[in-house]
Each structure stands twice: as C-alpha cells, then as structure tokens.
Amino acid sequence: MSKTDKSKDLIESGQVEEVAANGLLHRRAFLKTGAIVASGTTILSATAAPPEVDIWSTTAGRPPEAYGNRSEFESDVIRDAFTPTISVGAGASRTPHGSLEGIITPSALHFERHHNGIPNIDPDQHRLLIHGLVDQPLVFDLESLSRYPLVSRIQFLECSGNSRSLDADQPVAGSAQTIHGLLSCSEWTGVPLSILLDEAGIQTEGKWILAEGADSSLMTRSVPMSKVMDDAIIALYQNGERLRPGNGYPMRLFLPGWEGNASVKWLRRIKVTEGPTMTRDETSKYTDLQPDGTAQIFSFQMGVKSIITSPSGEQSMRGPGLYQISGLAWTGAGRISRVEVSADGGRTWGEAELTEPALPKALTRFRMPWRWNGGPALIQSRAYDETGAVQPTRTSLLSERGKQYNYHNHAIQTWQVSSTREVSNAYA
Amino acid sequence: MHMRKLLALLLLMCPFAFAQEGPGLGVPASPEEVAGWDISIGPDGENLPLGSGTPAQGASVYATQCLVCHGPNGEGGLEPKLVGGHGTIDTPNAVKTVGSYWPYAATVFDYIRRSMPFQLPGSLTDNEVYALTAYLLELNGIIDEDTVLNAYSLRAVEMPNRDGFVWAWQE
C-alpha cells in the first residue's frame, strides 16, 4: 500500500477526525498520515507521470545573471496598480497574496502607496536633518548612518486603508490581492531612531516628532516620542538590499505594527515638537469617522487580523479532495497566539497550525488541512493575539463603528467556494 | 572576578548602562540651515511666514493653478472636492472637505505650500498660498470676502470641525 493510499484510507475511515464541520481536519493531519500535499492539489487524483526527457534537460542553459530574474513562467505574478487619471503619482499597487507563500514579500511585490509619485533620489545628495526641541540640531548622510549600530527585524507593513472594500453593502468581486493587498512583510534593517535622537539631545518638552519625506508631496506625519524611543528605526535595507525606490530609497521611517502611512518614506527631516503638528495626512486623511460625527485621530496601531490566501478569491478549485488552507495572520500588538479556521461560515471552528517563525509584528503563516467534498463552503479565518484581542466579525465591527470609518478594517472575511469550483468574496 | 561582580552590580543598578550608542557622526546644523528646511506650520499657526493674500487674489491663482483638477469653486472634478459638505459629517453621507472636516486652518496653508499644485509643488509664493487659503476658507463660508489673511489673521480662524476629533492614542 502506498503512502497516498494509506492516508486516503485513514481520512476516509475517519481515523483523521474532522475538527470542525464541512471537512476541516486536525492541523497535524498531514503529519499523522505522512502525506505532504501542496496547497491547491489533491492526493486523491495524484498519478505518477512516466519519465521523459525534456528540452531543458538536453540543451545548455543560460549563464549566471548579474541581477537575478524570476522564471518567465511567473511573469503574471505582479502587483496591480491603481493609477488616477491625471495625478498618476497619487496611486497605489497591491501585493498578490493569492500567489505567494511563506511570510516574506519579495521587494518587487511589496505594496506601494504614494502621494506624489516615486522620487529619484541621489543617495549622495540626500540628507536627514534632526532639529526642533533638541540640544544640537544634526545632519546625517547615508554613509554616516550606515556606520551606526544596525538592527534587523522581520515585520509587516499595512496601509490602514487595506480591506476597506469590506465596508461596502454588497460584497465586491475581488481577490486576496485586490481586497487585502495593501499589506506586505519584509526584513527591515536600519538604525534605531533613539540613538540619533539621544545624540541630538531631546529636551524635556519634546514629546512628539514630525517626520517629513523628500518626495514632491513632502508628506508629513506626527509620531509620539514613546513609540520613537521604543522601536522606531530609520530603515536603510529591505530584504537584504537597499530599500526599493517605491519603498523610500534611500531611507524611511519604520514604525513596527503601526499604520503604513506613518512610516514616512524618503525621510529627510525629523522635528522634535511638543505636540502633534496636525498635518493634512493625520487630520483630513487617516482619521476614522464614527456615526456620531466625531473621528478617531492617531489610531496608529493595526488591529489583530488574518486572511486566507489559498484558496482565495478569483481562484478555482481543481476538484474535490484534500487541500491545505493557507493564510496570514498579524497584529500591531505583538505576537499572534492562535488562528482558527471555519468552513461553514463561522458556525464551527478548528485550530490552524502556526508555522515558524511566528514573530512579533510580522506576518505569521497558518495552515490547515481541508477535505473539500465538492459542495458549497464558506471559509474564514479568525486570529487571536497575545494580548487576548480577537479578530471581530464584519457585522460586529460595522455595527460598532459605522460604515464611514474608512480605515483599520480588520474584520473576518469570507471566501465562498461554490460547487462550480469558483472562489469569491462573500458576506456570511 | 572582582570586575565581573562590579559589572553585574552596575547592570542591576542602571539598566540603561549598556544602551546602544552611535559613533557620533551627526554634523551640527546652524540656525540658518535649519530655517531653510523648517517649513512645517503648527496647528496654532506657529512658523507661519510673512506675507498676505485675499480671497479675490486667491480666486485668480486658483483659476490658473488648481481649477483643472479641483473644479470650479473647489467643487471637485478629477480630484477631491475642497468646498461644501457642511452639516454632513454626522450623517450617513458625510462629505469631508477642507471646510466641513479639517480641524485647523493653518494646515490648509501648510499643505498647499508643501504639496500643491500637484504637478509643480513648491512653485507658489507665500503670498499666493495665503491668497489660496483665503479663497478656500471664503468659499466654505469660514471667513468673509474682505479678510486679508496673514500670519495673525490665519491664527485667529476657527474651523467648524475643530472639536470633531477624539484621540485614539493614549500614552
């Protein structure tokens, strides 16, 4: 009896028990049965291909590349850009989560949101000024910053406008990319901002900073000093190489776990101030309007959230059988402690496996075996973090804060799997 | 041994004794250098420059520099509406504009000067920015058409939604 037959047997004989309705299996089911199944394939229909000799095995390959490209067969895995008609620089592009695995977003696929395009900054001419309520205003260039003690951390960045379309009355047609793509995760390397501020000498009244970008919108945000001294860095490297231009080359502020807009790109100036400066991007935008007409301001931290990336919107199932549900969970508060998955629209839940590394303020990959019987299913994920916070349902989130909040939508989202094998966004 | 004990003691007494320190490579900036960079305006109008402008002057700058994107009278076009929406913020159809939503008039000056016009930011004089700010505030019924906006009069402008924000951030 082959391994495949054996696991099929175990599953069908009920020795691998469902942990929740509609086919969700114990998170270690794959380990128990010894079967390892790639996401989106089914072992029940696996057949052995006869050996054959392919053209690439009998012709000489290409020489090494100076800067590596991916396979030409992967060329449709791209960001989708939203570009306004005239003001093309005020656009955004989204990460194709439905095609990615693991927790690191390739730099070329990191989401972007710009307020006046991507500047072409000459790193030799770029300067960072620190001034305001400090004993000694200081100027730094890239070369000198690179000599400071560097820290490296794997952390997510999410635009607070991400998943905004879940506010809509009817579910929008969309994918993990179009609905949740303003989210990415990288290894960020940079200088703790606290070191530079200590060098300048913060005066006692200095309780906030203003961070200003060098792009042509000169985008500005205010950040409380406690966050700055806690874990803010001036990021110089992304996934081992210098930042991409679209992500702030040659230097950006990076505020772990906080809404993306506050991590000001192309950073050129930090002013230590007594209070917030009340810039356009922290008043007119990035404030959360509530039904009573007041708006939350400085709602920096991103809430506990998770999404299923496979199977996900606009994908189709190959047929009934064993699948691996795969997704991402994260929280601005620290670590993800637990993720649960439902295949019946949230009535019953089973615990998913959190894969290592499960780092604080990083995307955490979760996986869960699922035996799809070919019938309709409503799949959801629900994340918990180490502070005990739980990802809310869409209904409870919207009833609490109305439909004009516009930012920080971290509700549970549903993918509907139809008996015609299509996966689409749904409300459950 | 002695040394190690001393170190342990030091660590206990002073948890920051080994906080990271840099190589000290920051180059001191003179007040003149700082002044050239420091364009941000505080909510109370701190750091507003010299200069002035009226709504009428602003209307003519607006016609050539802004109208193509923001529409006649700031009513919106390809780009956001800058005027109107008063009384809508607490309704299910809130229309957020400079007039209905922005809490501080100084931010209007700061934002236009740093970011607009979109295709050529930084090209306006301070007088033109005062004039455009005056024009948008007048279109929104916040100042009257005779107001000359300058560092003093702009500071005195109270925006209708000044108290519309609650702080989510707590220390």
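The values are calculated or read from the model by the stated rules, or taken from the named source; none is laboratory data. Keep in mind the model is a prediction, meaning the values are calculated, not measured. Here the Cβ is made from the backbone with ideal geometry for all residues, glycine too, and neighbour counts use every protein chain on show. In case anyone asks, the SASA skips ligands and DNA or RNA and just uses the protein heavy atoms, side chains included. Shrake-Rupley method; radii C 1.70, N 1.55, O 1.52, S 1.80 Å.
At a glance:
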| quantity | calculated |
| --- | --- |
| Among A:189, A:204, A:59: highest mean-square fluctuation, GNM of chain A, C-alpha pairs under 10 Å | A:59 |
| For the protein assembly as shown, size of Cβ-based charge dipole, Lys and Arg +1, Asp and Glu -1, in debye | 1760 debye |
| Karplus 3J(HN,Hα) series, Hz, for the stretch B:84-99 with 6.51 cos²θ - 1.76 cosθ + 1.60 (x for Gly, Pro) | x, x, 5, x, 9, 5, 9, 10, x, 10, 5, 10, 8, 9, 3, x |
| Lysine pair number, Cα distance threshold 20 Å (strictly under), the stretch A:128-296, separation 8 or more or different chains | 5 |
| Per residue value of the accessible surface for chain B (all protein chains in place, 1.4 Å probe), Å² | 55 Å² |
| Peptide ranges A:280-289, A:101-110 listed from the most packed, as the mean C-beta count within 10 angstrom indicates | A:280-289, A:101-110 |
| Per-residue average of Cβ from other chains inside 10 Å of B:118-130 | 2 |
| Calculated log₁₀ intensity ratio I(q)/I(0) where the Debye formula runs over C-alpha points of the stretch A:128-296, q = 0.21 Å⁻¹ | -1.47 |
| Sites residue A:427 and residue A:316, calculated FRET efficiency, Cβ-Cβ separation with R0 30 Å, nearest 0.05 | 0.90 |
| Selected from B:83, B:34, B:98 as most flexible by GNM, with chain B as the system and alpha-carbon contacts under 10 Å | B:34 |
| Pair residue B:125, residue A:124: separation of 7 Å Cα→Cβ label points (nm) | 3.7 nm |
| Shielding score for B:94-105, defined as the mean number of other chain Cβ atoms within 10 Å | 3 |
| Within straight-line cross-link reach of residue A:403, aspartates and glutamates at Cα separation under 16 Å, skipping those fewer than 8 residues along the same chain | A:167, A:169, A:288, A:292, B:90 |
| Model label zone, residue B:33; criterion: amide N under 17 Å from point 7 Å along Cα-to-beta-carbon; scope the stretch A:139-160 | A:139-146 |
| Burial order of peptide ranges B:155-168, A:409-422 (average beta-carbon count within 10 Å, highest first) | A:409-422, B:155-168 |
| By average C-beta atoms within 10 angstrom, highest first, the peptides A:269-278, B:86-95, A:128-137, A:161-170 | A:269-278, A:128-137, A:161-170, B:86-95 |
| Amide N of the stretch B:144-171 lying under 13 Å from the label point, which is placed 7 angstrom from the Cα of residue A:292 along Cα→Cβ | B:164-167 |
| Estimated FRET transfer efficiency (residue A:203, residue A:355; beta-carbon r; R0 30 Å; 0.05) | 0.05 |
| Computed over the stretch A:128-296: relative contact order in percent, which uses C-alpha pairs under 8 Å that are six or more apart | 28 percent |
| With Cα atoms, 0 to 90° folded angle of helix B:2-13 axis to chain B main axis | 30 degrees |
| Fraction of beta bridges assigned by DSSP in the stretch A:305-426 that are antiparallel (%, nearest 5) | 95 percent |
| FRET efficiency for residue B:75 and residue B:153, using Cβ-Cβ distance with R0 set to 25 Å, rounded to 0.05 | 0.50 |
| Positive-end extreme of charge dipole, chain B - chosen from B:151, B:140, B:22 (charges on Cβ) | B:22 |
| Dipole of the stretch A:305-426 [Lys/Arg +1, Asp/Glu -1 at C-beta], most positive-end residue of A:326, A:374, A:409 | A:409 |
| Shielding by partners, peptide A:283-289 (average Cβ within 10 angstrom, other chains) | 6 |
| Accessible area buried between chains A and B, both sides summed, probe 1.4 Å, in Å² to nearest 100 | 4500 Å² |
| Pair residue B:88, residue A:338: separation of 7 Å Cα→Cβ label points (nm) | 4.5 nm |
| Residue of A:72, A:259, A:351 that the Gaussian network model of chain A assigns the largest fluctuation, springs spanning Cα pairs under 10 Å | A:72 |
| Total charge dipole magnitude, the stretch B:52-158, about the Cα centre, Cβ charges on Lys, Arg, Asp, Glu only, Debye to nearest 20 | 320 debye |
| Top positive-direction residue, dipole computed over chain A with Cβ charges, set A:138, A:418, A:384 | A:418 |
